[in-house]
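Okay, structure first, notes after.
The values are calculated or read from the model by the stated rules, or taken from the named source; none is laboratory data. Owing to the predicted nature of the structure, the values given are computational and were not obtained by experimental measurement. Heads up, the Cβs are rebuilt from the backbone with ideal geometry, glycines too, and the neighbour counts pull from every protein chain shown. Calculation scope for accessible area: heavy atoms of the full protein, side chains included, ligands and nucleic acids excluded. Shrake-Rupley method; radii C 1.70, N 1.55, O 1.52, S 1.80 Å.
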Amino acid sequence: MIGIIDYDAGNIKSVEKALQYLGEQAIVSRDPEVLLKADKVILPGVGSFGAAMNNLHNYGLVPVINRIVENKTPFLGICLGLQLLFESSEESPGVEGLGILKGRIVKIPPCPGLKIPHMGWNSLHLQNNGRLFKGIPQQAYVYFVHSYYLEAEEPEIVKAVTEYSTCIHASVEKDNVFACQFHPEKSSRYGLKILENFANLGKGDC
């Protein structure tokens, strides 16, 4: 069973539907017992970094997420869920992220001819043998919606990058923690393959 963390962030239903399409049992919950018993856990999200962290604290989910990660349960952050795994964001100065991974979230720099927020399909350059990208070709297109992007502190955890005004760290993984800035649930067959790869992970793979 895959637990989807419910903290009043957008796009949760889309992730649930994509998993159901793949034949996976998924449950949307903020109940610590349900989430801690899940085989895998996803933190999706669209919205503001500061408001999202506030919701995670208000629902008592920060210690739950830390325990899930410590238990080596495969954990996937999507879009805002990726950003929350890191230490801070320029979007919400003074707000601490979960700090599970090292790095910061910064504003996409302006560039002539490019709109911000970045909304649309971009190709991925895959690197460092990401387990989420098994069976995914180089330059596969995936769907992004964001104004801020990740600068990871540890280059070896970056498994995919894309170019949009700058080099964007589009996906990371470290041990049992995985994250995508793009939306696999909205990225057609390659996105579904990424979710399928995550669903097929065992604890021994992490």
Exercise. Which GluC sites (Glu not before Pro) from the range 47-108 combine a DSSP loop assignment with at most 16 other Cβ atoms within 10 Å?
Worked result: GLU87, GLU90, GLU96
Seminar exercise, completed: The answer for the chain, accessible area per residue at 1.4 Å probe in Å², is 44
For this session: Counting only C-alpha contacts under 8 Å and six or more residues apart, can you give the relative contact order of the chain as a whole percent?
Result: 19
Exercise. In the chain, what % of DSSP beta bridges are antiparallel (nearest 5)?
Worked result: 60
Seminar exercise, completed: Quick calc: nm separation of the 7 Å Cα→Cβ label points for TYR21 and ASN54 -> 3.3
For this session: Under 30 Å Cα to Cα from LYS37, which lysines show up? Leave out anything in the same chain fewer than 8 places away.
Result: LYS13, LYS17, LYS72, LYS102, LYS134, LYS159, LYS174, LYS186, LYS193, LYS203
Exercise. Suppose every K and R has +1 on its Cβ and every D and E has -1 on its Cβ; what is the size of the dipole of the range 82-157 about the Cα centre, in Debye to the nearest 20?
Worked result: 360
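For the chain, give the percent of accessible area contributed by carbon and sulfur heavy atoms, probe 1.4 Å, rounded to a whole number.
Exposed carbon and sulfur together represent 48 percent of the surface.
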Seminar exercise, completed: Cα-based Rg and Dmax for the chain, in Å, come out at 15.5, 49
Exercise. When the Karplus curve 6.51 cos²θ - 1.76 cosθ + 1.60 is applied with θ = phi - 60°, which whole-Hz ³J(HN,Hα) does each residue of the range 142-157 get, with x for Gly and Pro?
Worked result: 9, 9, 10, 9, 6, 10, 10, 9, 8, 10, 6, 6, 9, x, 5, 7
Exercise. Sequence-distant or interchain residues sharing an amide H contact under 5 Å with GLY99, placed H: which?
Worked result: PHE86, GLU87
Problem set entry | Karplus-derived 3J(HN,Hα), 6.51/-1.76/1.60, for each residue of the range 36-44, Hz, glycine and proline x | 6, 8, 5, 6, 8, 9, 10, 10, x
Seminar exercise, completed: Per-residue ellipticity at 222 nm attributable to helices in the chain (runs of n ≥ 4 DSSP H, -39500 (n - 2.57) apiece, nearest 500 deg cm²/dmol) works out to -7000 deg cm²/dmol
For this session: Starting from the amide H of ALA160, placed 1.01 Å from N in the peptide plane, find each other amide H under 5 Å away whose residue is 5 or more places distant or on another chain.
Result: GLN127, ALA170, SER171
Exercise. How high is the relative contact order of the range 73-183, in percent, with contacts defined as C-alpha pairs under 8 Å that are six or more residues apart?
Worked result: 31
Exercise. Normalised by the residues of the range 164-206, what does the relative contact order come to in percent, with Cα pairs under 8 Å and at least six apart?
Worked result: 26
Problem set entry | Rh (Kirkwood; distinct C-alpha pairs) - the range 33-146, Å | 15.9
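Could you please tell me the mean projected area of the C-alpha convex hull for the range 54-121, averaged over all directions and given in square nanometres to one decimal?
Working: hull surface 23.7 nm².
Projected over every direction and averaged, the Cα hull of the range 54-121 covers 5.9 nm².
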